[in-house]
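Inspection log for the structure reproduced underneath, given as structure tokens.
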């Protein structure tokens, strides 16, 4: 790579808050799992790295940094995204949900998490946070899916361990648990 | 050693055999796994490695001056500099001094992705920036890419010191091969190609190192799954006494054979930590891992001959294997030892010849990937069996049934010398046929074919060896060439009962990597002490001061832990009984273990629970028998359950892999001849791995292994172009399956206990990857029989299938 | 795999974005959803010194019906298009957008961004070509409109010049009697296709009054296939005719080299992609499938 010109172009068009030279540290404010958090980082820092390194929320895993594996999946304004293909500065002012915010408290798991545990819908656990966050979104859109729909729904995340069958079991189980909650 | 006698299934177990939820999962579900990249030490630096863009080139000069001045950079070490700082990495291949493997290339680069310099900086971003400022002058050499050409007409040598590109070659003859071939009615021949694939766990390999200048102690957090073995090699390379190096295991996000020793990441981080005096993290990114990891699988060319009789009886098997190992030989001939351990599969075959030619080329060196060569071996055998059925006009199920080793023949010694401890292969086959509804599927297939659809069924019957022995490290060589004839593959545990009666089991080389080490250990302890597995604490000890332990590999974990935990439990219980006898003033022989305590036989009110006894053992010295030590803390080192020595002339390799499971997989597929895509319509798998500890977890291994096997058969390929450039660089291109690409597996079990192991357990971790490639290949053959297609090359990608159809028949 | 450093500029509007691009010079890049650009940066396949983020430019975040066109702004995500009831009026787009990667990618990726990335294998550039989309391109000198036929110049190359921004794409609403279909074959769900075919076919009294067939994956850019269109135009279509048209679909194409980088979704130096003959065969099969579906949707006999 060639040496970068570190001088910012001089023009009045450039907003001093946001128009910056390479290496400039940006102040990013993100609501993470309901709490407002401030992150100081370069523009090039991925949301995944910002969550993991700056906020020490290491449940968001980095598997490929190519947007394929889905281990880094988080929810941005309620929609799943690849946090490896989202810059932290792009999340400025937005709401992020990570795996650390899924369980209601330290003693209780979310029904989706309970279902994954009951069905052994995981082995090494590395894809699991992304799977759980995607499952949460998927079941909100399709509360009573078929097994084939579940396979389609979770096909955005790679799992190298399970062969997916018990993850499908877990999502079906979670659908039962969540529907049961609603029925009550 | 005396030959073991068969045992009956265990029916009286409390925890073993129950599909309880895993003890690890709650924390993993909260995102609290703490994998290697989650570890942060104060003042920690980050390493990035500059990698070779050339498959083969001499390093003329490395200029890192600009990188050293770059923002955030603390140190840069080039390949030539690293050669002065650390020694070569351990290589288990023959004559390792002739193919020296280093943490960074010092004189030549030998594959695309080999490291040539490492940068440590305040952030990984800065370290990668600085890598781009390093100027390497290369003298580009002709790459050695094709292994056949590398032998017959080499464009050069991968390692000049070898004088050849063949790193090993030998023919093993087990039994009367020539006679059997001469007497055979028919010789079935096939030429097969099993292409390179890779494990690609989602969590890559990494290390975080910390050097204490005051004590001279190096601590490295590692996701090596075999840290105890890795520590010796790492210490040697680093020039640190092994008792000053502590490899601390952290959980691994998947292994599948990879992450065995992780020498490169360990030495990279430790070298830089020592140099900078600050903790250093080196975690491979996806490109690092793919280009220069330790997880590339077998890459083989097979010529196979099966000598058969007219009635379908197999007589003898000849295998001629060329293996493209890549640039180094880290794991020696291990992947062939795994293949030979079950070379004749589940069949009674009276003799075998195995010729192996191991070739080095300018590609990433192989590591281990689930099956470790037995995957390829099973596939080759099942392919030739199918071809025999075709040539004899026999049914593919019947030819297998005819040749299966009979249930009353166990323990059974194969021509290569290995022992199969137990089995009931006919029961597994019958169970699978019924579970799959084979007869029903045959009818469905005909009906679908009548509609013009290309539907086929495939079947494999195959074995899964487990619990490797150490003779396979050296039986390749003549005795005179072997320095130490290793025979130990130990696994130690410590079992501790504290004063409150709570149990802690400490493991030494067995981290969690998805395979439920904590759950398995907890259940095994719970079985011995009648406690809830959730109440057993599990500790993963660092290598420093640890017990001997070989760690996972070759599906040995559950068997070895069961033996070690039973041993340690026996010692603890022995002590508990003595204390009980002493406090109740009864004879030890009058006591029996009942529901978590010792009581006088027939007098249940005269008893002591573990909690009472633990309190006494820790706090009431006067209640202990004369001379007994206080506390309840016992080590037990369990070693290989059954190993015999190879013959001097290697006409028999002895027993080294004796806990042998068996499986039958059946699959129905439909092939679209226009696109070449294969859709799996149905899949059934019946496995027998002896006594099951946690059936649900074991089923997870079957399904996960089958998914990998399906991808081995259909999609995954780590290809290189004719110039030695690796082609798939991203997960877009290396086609690991999604949930839509793998079948629902209809799973069944038979349980024939091993007579050799605690509770009759056999290993089963490699599972479906050993079976699915053969089953899929057979089903594709069957679906495309109108085109005379036979799958002789994997993966059977859509493009290849279309090519076969176009070549073999008319569309 | 971390991106090289760049300066980051957040545009408040399309006009602001163009002003920033103009001020920052020709190597500045537009960041929309980033689902193609950020992998390139992570792999260091690109090193733009400046990024202009248009993700918050509200005037680019549009999805509206304008007369007989559906107008999609440069900041509008694939998901927003996918989930909008307006999209049903452009059935080819509605169908094809669901094939783009996976929901978490579509939640960030933009329709215009995918078209402007101009991967020759991708779905949306081919859709734009089949439907003769119009791109509204903003530059320092004003606004111009570029037809899809003039837009795609080669792999990852378009008619958008330095300092310019594709602000909108306008796609025609399907006319009555029109059936459209997207068909593709990919090696794995969510992957870019080996080859894909987009069809828009209008019947009038049982005859093909208009037809457009486009292919992805068989050239260095999305291409129309006049050889197949000619066979259908004016005819009363049936299975036999569709088979003939499909067979003719790759007749006019120049074979592509082995390991064709144009057949990859990113501008990588070497690509593990299927050979041209195979891609052409798959393309023909997808033309047949898409034509069959489009004809049925147009109300034709089937």
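Averaged over the residues of B:501-513, the number of partner chain Cβ atoms lying within 10 Å of the residue Cβ comes to 1.
What the Kirkwood sum gives for chain B is a hydrodynamic radius of 27.8 Å, with every pair of different alpha carbons counted.
Using the Kirkwood radius over Cα pairs, work out the Stokes-Einstein diffusion coefficient for the range C:194-302 at 4 °C and 1.567 mPa s, in µm²/s as a whole number. Here the translational diffusion coefficient equals 91 µm²/s. Convex hull volume of the Cα atoms of the range B:288-377, normalised per residue: 86 Å³.
Mean per-residue shielding of peptide A:53-65 is 6, counting Cβ atoms of other chains within 10 Å of each Cβ. When chain C is treated as a GNM with alpha-carbon contacts under 10 Å, the residue of C:260, C:59, C:141 showing the greatest mean-square fluctuation is C:141. Taking the Cα atoms only, what angle lies between the long axis of helix C:14-24 and the longest principal axis of chain C, rounded to 10 degrees? Its long axis makes an angle of about 60 degrees.
What separates the Cα centres of the range B:722-786 and the range B:190-240 is a distance of 26 Å.
Measuring between their Cα centroids, the range B:69-113 and the range C:44-119 lie 47 Å from each other.
Averaging the Cα positions of each part gives two centres, and for the range B:11-56 and the range B:253-290 these lie 14 Å apart. Convex hull volume of the Cα atoms of the range C:58-172, normalised per residue: 97 Å³. Beyond 27 Å, the tail of the calculated P(r) for chain C holds 39 percent of the Cα pairs.
At q = 0.13 Å⁻¹, what base-10 log of I(q)/I(0) does the Debye formula yield for the range A:25-101 when every alpha carbon is treated as an equal point scatterer in vacuo? These q points yield log10 I(q)/I(0) values of -0.30. A helix-only calculation puts chain B at -8500 deg cm²/dmol for mean residue ellipticity at 222 nm, using -39500 (n - 2.57) for each DSSP H run of at least four residues, averaged over all residues. One quarter of the convex hull surface built on the alpha carbon atoms of the protein assembly as shown amounts to 51.4 nm², the projected area averaged over directions.
Taking each DSSP H run with n ≥ 4 as -39500 (n - 2.57) and averaging over every residue of chain A yields -8500 deg cm²/dmol at 222 nm. Counting, for every residue in C:35-43, the Cβ atoms of other protein chains within 10 Å of its Cβ and taking the mean gives 6.
The angle between the Cα long axis of helix C:276-297 and the main principal axis of chain C comes to about 70°, on a 0 to 90 degree scale. Each DSSP beta bridge with both residues in the protein assembly as shown is either parallel or antiparallel, and the antiparallel ones are about 80%.
Report D for the range C:7-53 in µm² per second (integer): Stokes-Einstein, Kirkwood Rh on Cα pairs, 4 °C, 1.567 mPa s. The calculation lands on 120 µm²/s. Specify whether the C-alpha gyration tensor of chain A places it in the rounded, prolate or oblate class, a ≥ b ≥ c being the square roots of the eigenvalues: rounded for a/c under 1.5, otherwise prolate if a/b is larger than b/c and oblate if not. Verdict is prolate for chain A. Here the convex hull built on the C-alpha positions of the range B:545-599 has a volume of 107 cubic angstrom per residue. For the range A:114-184, the gyration tensor built on C-alpha atoms gives a prolate shape. Its axis ratio a/c (a ≥ b ≥ c) is at least 1.5, and a/b is the larger of a/b and b/c.
The ellipsoid equivalent to the alpha-carbon distribution of the range B:69-224 has semi-axes of 43, 21, 17 angstrom, derived from the gyration tensor eigenvalues as √(5λ) and listed largest first. Entry note, chain C: the mean residue ellipticity at 222 nm calculated from DSSP H runs of n ≥ 4, each adding -39500 (n - 2.57), is -8500 deg cm²/dmol after division by the residues and rounding to the nearest 500.
Helix A:165-183 and the longest principal axis of the Cα set of chain A meet at an angle near 80°. Of C:235, C:195, C:283, which has the largest mean-square fluctuation in a 10 Å C-alpha GNM of chain C? Top of the fluctuation ranking is C:235. Rounded to a whole number, what is D in µm²/s for the range B:632-702 from Stokes-Einstein with the Kirkwood radius over alpha-carbon pairs (25 °C, 0.890 mPa s)? Answer, rounded: 143 µm²/s.
Where a number appears in this text, it was derived from the coordinates with a stated rule and is not lab data. As the structure is a computational prediction, the values presented were derived from the model and not from experiment. Heads up, the Cβs are rebuilt from the backbone with ideal geometry, glycines too, and the neighbour counts pull from every protein chain shown.
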